[in-house]
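Presented below is the structure to which this report refers.
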Protein chains: 2
Amino acid sequence: MELKNTYNHKFIDGGVCAARGFKASGMYCGIKENPTKKNDICLVVSDKICNAAAVYTQNKVKGAPILVTKKNLEKTGGKAIAVIANSKNANTCNADGEEKAYRMCGLAADVLGIKPEEVIVASTGVIGQILPIEPVERAVKPLADSLSYTGNEAAATAIMTTDTVKKEVAVEFTASGKTCRLGGMAKGSGMIHPNMATTLNFITTDCAVSTEMLQKALSEVVKITYNCLSVDGDTSTNDMVCVMANGMAENAEIIAENEDYTAFRNALYEVMMNMTRMLAKDGEGATKLLECTVSGADNLDTAITVAKSVICSPLFKCAMFGSDANWGRILCAVGYADAEFDINKVNVSLSSAAGTIDVCKNGAGIDFSEEIAKTILSEDEIGINVSIGNGEISATAWGCDLTYDYVKINGDYRS
Amino acid sequence: MELKNTYNHKFIDGGVCAARGFKASGMYCGIKENPTKKNDICLVVSDKICNAAAVYTQNKVKGAPILVTKKNLEKTGGKAIAVIANSKNANTCNADGEEKAYRMCGLAADVLGIKPEEVIVASTGVIGQILPIEPVERAVKPLADSLSYTGNEAAATAIMTTDTVKKEVAVEFTASGKTCRLGGMAKGSGMIHPNMATTLNFITTDCAVSTEMLQKALSEVVKITYNCLSVDGDTSTNDMVCVMANGMAENAEIIAENEDYTAFRNALYEVMMNMTRMLAKDGEGATKLLECTVSGADNLDTAITVAKSVICSPLFKCAMFGSDANWGRILCAVGYADAEFDINKVNVSLSSAAGTIDVCKNGAGIDFSEEIAKTILSEDEIGINVSIGNGEISATAWGCDLTYDYVKINGDYRS
């Protein structure tokens, strides 16, 4: 899909290896028997120790890897060198979950010659099945041996579950006169809903940024990107975004909210926003990316809440699948959003590569050509533009249509 | 479907005409051209003026009939004589919506010889299309002429939209030594979600109850019945439940929370709880009724919140469609419910007419027979029993599975 360019960045290749000093590898180790031998485990390793920050699922049920990663980052005071991640098993709701997650850190640390607490661990897949550790034990050596500065794709495919495409984005930007790079990989297709919306995301940068500023930028950006994404309203147990910064661009370390911080934050936004769009477009069973932009709000939370409410409505999502300009369902979802505004000032238009059409003014329907609307909605990226006439602030939320294939994929996921 | 009998009531026939002194009628008037000439408008009329109470959708977008009914009941101080309701058009988000809703009240009042404000008006169907008033004008006379004490079925079919079956329940109970009757009709299939969960519900009783006690009982019962129902997470713009009590059973009027109040409230619960189950089972595209009971809570709101969270999870709903005992998705939904409890004390079992099976203890998976689980989940009424080990309070929420047919029905609803 075409990337959106908000801050006029240069997009580059390389995903999680785009930044200097980051190697990656991925392979099939057989977490679950799979005749296609699709990659199911990966390593990402920095040549230098990194400042690291992460945000985690807000589900009370937290995958064991989430708990272990959190403890590791606390122990190191926000430092990390490597990521080990697997798909096909979430290692969640198992009595031995933490033990296995620590074991994965230990195995990676041994083979890389680093400390176990310098490893970020993540798992994604079925909940509540015991993670077989033998495949991981067998895999760490070949994984370490095959680490390379171009291993990003092998790693990105290893974290896919029901994803149909791998998700990688990277950009270049400048901080204190030095060219920096920031890139990442993501996985996610179902069980995606704020907060945290994303399942697994790993972002690397060679920009020098303090752990504190890293965490600040991540929290700021996640609020308006991943947390504005919903595929199906289910908040996963294993969601995590982490950012690792190894400083190899040799810029002056960013330790305050200055111009360099803004450049870094904008690069992070560009990558995470585009990753969000990729996740939405590849939502389970999806045929269409839906982007709902709410403008005219008097505060950001209102704009986000209303945009999310539209994106989450199953009835609206079905209408989009059918390319049906059923704007009443949009207004209905706007109406039940938990926010204060005057419904009688709400305007709605629909847009795509094929054009834009107004469908609702001041909270009531207006005449429009159903034929033109159908043409607009037959595209695979649809904009829903809602103005609530209350102020100057806007926000976007991302989602996808609800289709037969969503039901098919999830009616029998485990087998 | 089989009715549940919580308070050992005698179920009776007659729906909205089960109580003495209530007539009803229904017919096809052509709100929307329809070759099958399915009923689309109905009247319910009491021989005596009634005390009346209602609860309405919490959506900011409120159908014009909702606004008009509310004003009418305010004007009369909670008195009503008749209901006029149509399907095929929600009369919502139209510039002339209130005018048309008032006109419907006026038309009904004229033909019945009562005041317009003594009429409760309701509409259900597509949002944002102008309501044609001519079919209503033509219909009121034949509707009034065909009113009868056995017209309940004609009325119940007239409010159906995508419903596949009409929904009627009625019971007998005793207040101050007199036999009373309470019954109702409901419609609803999609766009059903707390609060208010129900689209349209009309309940009649010959019990003498003050308007104040009527409203109190209705609010109490709606919280644990309709507001614990979700088909698809979409809160409709036109939801309304109203209760009309004409006092023709000649019991001493219930004006306080005494024994008679309890008898009345329990009858109301029996009817509304069974109507809720009918609505869930007939959810758009549904093949299964899902009843999630959360026990061991330390307060009612927690029990309700957790039960609703499970019932609303699209992933869980898809798993139930596939008869897949994917309990991880249940625990995941329990985990993201906005309530305080210890996830490590959560137990889950699944039950149906074919038996019961434990699938999760203390927040972790346990060994169970997938074969037995599949047999249990292949029934069409499934119980999901979640104990959160925190107290003595329990609550139930109702929903249905998410199927291909939900997508089919809603992918092209308007045409």
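The values are calculated or read from the model by the stated rules, or taken from the named source; none is laboratory data. Since the model is a prediction, treat every value here as computed from it, not as a measurement. Neighbour counts are summed over all protein chains in view; Cβ atoms, including those assigned to glycine, are modelled from backbone coordinates with ideal geometry.
Exactly one condition in (1) more than 20 Å from residue B:271 (Cβ to Cβ); (2) surrounded by fewer than 23 Cβ atoms within 10 Å (Cβ to Cβ); (3) of a type outside the set (Val, Ile, Thr) is false for residue B:25; which is it? Failed condition: (2).
Apart from one condition, residue B:183 fits all of (1) part of a strand (DSSP E or B); (2) over 22 Å from residue B:243 (Cα atoms); the exception is (2).
For residue A:175, indicate whether it is in contact with a Cys (Cβ under 6 Å, 6 or more places away or on another chain), surrounded by 19 or more Cβ atoms within 10 Å (Cβ to Cβ) and either more than 14 Å from chain B (Cβ to nearest Cβ) or modelled with pLDDT of 95 or more (or both). Considered against the rule, which asks whether it is in contact with a Cys (Cβ under 6 Å, 6 or more places away or on another chain), surrounded by 19 or more Cβ atoms within 10 Å (Cβ to Cβ) and either more than 14 Å from chain B (Cβ to nearest Cβ) or modelled with pLDDT of 95 or more (or both), residue A:175 comes out as yes.
Could you list, in sequence order, all residues of region A:368-415 that are away from chain B (no Cβ under 14 Å) and either modelled with pLDDT under 90 or in a helix (DSSP H, G or I) (or both)? First the steps, then the outcome.
Our first condition is that a residue be away from chain B (no Cβ under 14 Å); within region A:368-415, this holds for A:369, A:372, A:375-376, A:379-385, A:387, A:391-398.
Hits for region A:368-415 are A:372, A:375, A:376.
When residues in region A:118-155 are screened for being more than 14 Å from every other protein chain (Cβ to nearest Cβ) and either among the polar types (S, T, N, Q) or buried (at least 18 other Cβ atoms within 10 Å of the Cβ) (or both), 20 of them pass. Scanning region A:310-339 for residues that are among the acidic types (Asp, Glu) and more than 7 Å from chain B (Cβ to nearest Cβ) returns a single hit, A:338.
Scanning region B:101-119 for residues that are within 30 Å of residue A:366 (Cβ to Cβ) and under 25 Å from the mean Cα position of the chain (by Cα) returns B:101, B:102, B:104, B:105. Selection of first residues in region A:367-388 that are among the aromatic types (Phe, Trp, Tyr) and of second residues that are assigned to a strand (DSSP E or B) and surrounded by 13 or more Cβ atoms within 10 Å (Cβ to Cβ), restricted to Cβ pairs under 6 Å at least 6 apart or on distinct chains, gives the following pairs, ordered by first then second residue: A:368/A:357; A:368/A:359.
Matching residues to (1) in contact with a helix residue (DSSP H, G or I) (Cβ under 6 Å, 6 or more places away or on another chain); (2) β-branched (Val, Ile, Thr); (3) away from chain A (no Cβ under 14 Å); (4) over 21 Å from residue B:205 (Cα atoms):
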site	(1), (2), (3), (4)
B:220	no, no, yes, no
B:226	yes, no, yes, no
B:246	no, no, yes, no
B:254	yes, yes, yes, no
B:260	no, no, yes, no
B:273	no, no, yes, no
B:277	no, no, yes, no
B:287	no, yes, no, yes
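Of the listed requirements (1) over 29 Å from residue A:86 (Cα atoms); (2) surrounded by fewer than 22 Cβ atoms within 10 Å (Cβ to Cβ); (3) in contact with a strand residue (DSSP E or B) (Cβ under 8 Å, 6 or more places away or on another chain), residue A:256 misses just one: (3).
Report yes if residue A:157 is in contact with a strand residue (DSSP E or B) (Cβ under 7 Å, 6 or more places away or on another chain), in the same structural domain as residue A:74 (by TED's automatic domain parsing) and modelled with pLDDT of 95 or more, otherwise no. The answer is yes for residue A:157. Annotation note: Cβ proximity below 6 Å between a residue of region B:395-406 that is small (Gly, Ala, Ser) and a residue that is at pLDDT below 90 and surrounded by 24 or more Cβ atoms within 10 Å (Cβ to Cβ) (sequence gap 6+ or interchain) occurs for B:397/B:228; B:399/B:230; B:399/B:280.
Summed over region A:87-107, residues that are touching a strand residue (DSSP E or B) at 6+ places or on another chain (Cβ under 7 Å) and at pLDDT 95 or above total 3. For the residues B:31, B:49, the requirement of being under 21 Å from residue B:244 (Cα atoms) and either in contact with an Asp or Glu (Cβ under 8 Å, 6 or more places away or on another chain) or among the β-branched types (Val, Ile, Thr) (or both) singles out B:49. Could you please tell me which pairs satisfy a Cβ distance under 8 Å, a separation of 6+ or placement on different chains, a first residue in region B:63-90 that is free of Cβ contacts under 8 Å to residues at least 24 places away in the same chain, and a second residue that is assigned to a strand (DSSP E or B) and of a type in the set (Phe, Trp, Tyr)? Within 8 Å, the pairs are B:70/B:56. Yes or no: region A:4-19 includes at least one residue that is among the hydrophobic types (A, V, I, L, M, F, W, C), surrounded by 24 or more Cβ atoms within 10 Å (Cβ to Cβ) and closer than 18 Å to residue A:143 by Cβ. Among the residues of region A:4-19, at least one is among the hydrophobic types (A, V, I, L, M, F, W, C), surrounded by 24 or more Cβ atoms within 10 Å (Cβ to Cβ) and closer than 18 Å to residue A:143 by Cβ, which makes the answer yes. Taking region A:340-367 as the range and being within 9 Å of chain B (Cβ to nearest Cβ) and surrounded by 15 or more Cβ atoms within 10 Å (Cβ to Cβ) as the test, the residues that pass are A:341, A:343, A:346, A:359, A:360, A:363, A:364, A:365. The requirement of being under 14 Å from the mean Cα position of the chain (by Cα) and either crowded, with 19+ Cβ neighbours inside 10 Å or not β-branched (Val, Ile, Thr) (or both) is satisfied by residue B:221. State whether one or more residues within region B:60-72 are closer than 24 Å to residue B:265 by Cα and crowded, with 18+ Cβ neighbours inside 10 Å. Taking every residue of region B:60-72 in turn, at least one turns out to be closer than 24 Å to residue B:265 by Cα and crowded, with 18+ Cβ neighbours inside 10 Å. Among the residues of region B:155-170, is any in a loop (DSSP other than H, G, I, E, B), in contact with a helix residue (DSSP H, G or I) (Cβ under 8 Å, 6 or more places away or on another chain) and of a type in the set (D, E, K, R)? Within region B:155-170, one or more residues are in a loop (DSSP other than H, G, I, E, B), in contact with a helix residue (DSSP H, G or I) (Cβ under 8 Å, 6 or more places away or on another chain) and of a type in the set (D, E, K, R). Tally up the residues in region B:204-242 that are in a strand (DSSP E or B) and at pLDDT below 95, please. Qualifying residue count for the region: 4. Contact annotation: residue pairs with Cβ atoms under 7 Å, 6 or more positions apart or on different chains, pairing a residue in region A:37-60 that is more than 17 Å from residue A:207 (Cα to Cα) and more than 14 Å from chain B (Cβ to nearest Cβ) with a partner that is basic (Lys, Arg) and surrounded by 22 or more Cβ atoms within 10 Å (Cβ to Cβ), are A:40/A:88.
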